[in-house]
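Worksheet: the structure to be examined is printed underneath.
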Amino acid sequence: MTQASSISSFRTVENVLPTEAGIAEALSRAIDVFEKAGLDGAHLFSIELSIHEALVNALVHGVRERGATQIRLTYEIDNSCVRVVVEDDGADAITQDGRDSREEGHGRGLLLIRAFTSRVFSQGRVSSMELDLDEAPVSGSDRIPEILRSWNSLLW
C-alpha cells in the first residue's frame with residue numbers, strides 16, 4: 001500500500017498533441033509527476049496502463065474516426081486517490097438506440113481501465129477514472145483470475 005502521508009497533492013491539465021508521439025510524451029510527463037509525488041510501483045503501473053489506454057482510445061476513436069483536433073488530459077492526486085480525465089473534441093456518432101458508437105466494439109482499452117482502476121466513467125468523448133490509494137492495486141489482487149476470464153470470453 002501507498003504511504004498516504006508521503007503523497008504530494010497536485011492537479012494538472014494539459015492539451016495533448018493528437019499523435020502517437022504526442023500521447024507518449026503526455027503519458028511520460030504524467031508518470032514523471034506521479035513518481036515525484038510519491039506514488040508507489042504497483043499503483044504507478046495501474047495508473048500508467050490506464051492513462052495509456054484512455055489516450056490511445058482518444059487518438060483512435062476521437063482523432064482518427066471522429067475528426068477530433070484536441071485531446072485534453074487532466075490528472076490530480078491527493079493522499080487517498082488519483083483522478084484522471086481524458087477527453088477529445090471529436091464528433092459524436094450516435095447509434096440508432098441512442099448510444100455513442102465509441103462505447104461499442106471489442107477493444108481492450110476500457111476493459112483494462114476497469115480492471116486496473118477503482119472507478120471508471122466513459123461516455124463518448126470523455127473517460128474518467130479513479131484509483132484509490134488505500135486499496136491494494138490489481139497487480140496484488142485476487143481479481144486477476146476474474147479479469148482473465150472476462151478477457152477469454154471476449155477473445156473466444
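Throughout, read-outs are computed from the coordinates displayed, never taken from laboratory work. Not measured: the values here are computed from a predicted model. No Cβ is skipped: glycine too gets one built from the backbone with ideal geometry, and neighbour counts run over all protein chains shown.
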Formal net charge of residues neighbouring Thr69 (Cβ-Cβ distance under 9 Å; K, R +1; D, E -1): -2
Using label points projected 7 Å from each Cα along Cα→Cβ, tell me how many nm separate Arg11 and Leu111, to one decimal. 3.5
Net charge of Cβ neighbours under 11 Å - reference Arg108; Lys, Arg +1; Asp, Glu -1: 0
Of the peptides 48-57, 76-85, 17-26, how do they stack up when ordered by the mean number of other Cβ atoms within 10 Å, highest first? 48-57, 76-85, 17-26
Under a crude label model (7 Å from the Cα following the beta-carbon direction), how far is Val126 from Ala24 in nanometres? 3.1
Amide hydrogen neighbours beyond the local backbone of Val16, cut-off 5 Å, H modeled: Ile71, Arg72, Leu73
For Asp134 and Gln70, calculate 0.36 nm times their separation in residues minus their Cα-Cα distance, and state this gained length in nm to one decimal. 19.7 nm
Using only C-alpha atoms and all pairs of different ones, pull out the Kirkwood radius for segment 7-87 in Å with one decimal. 12.8
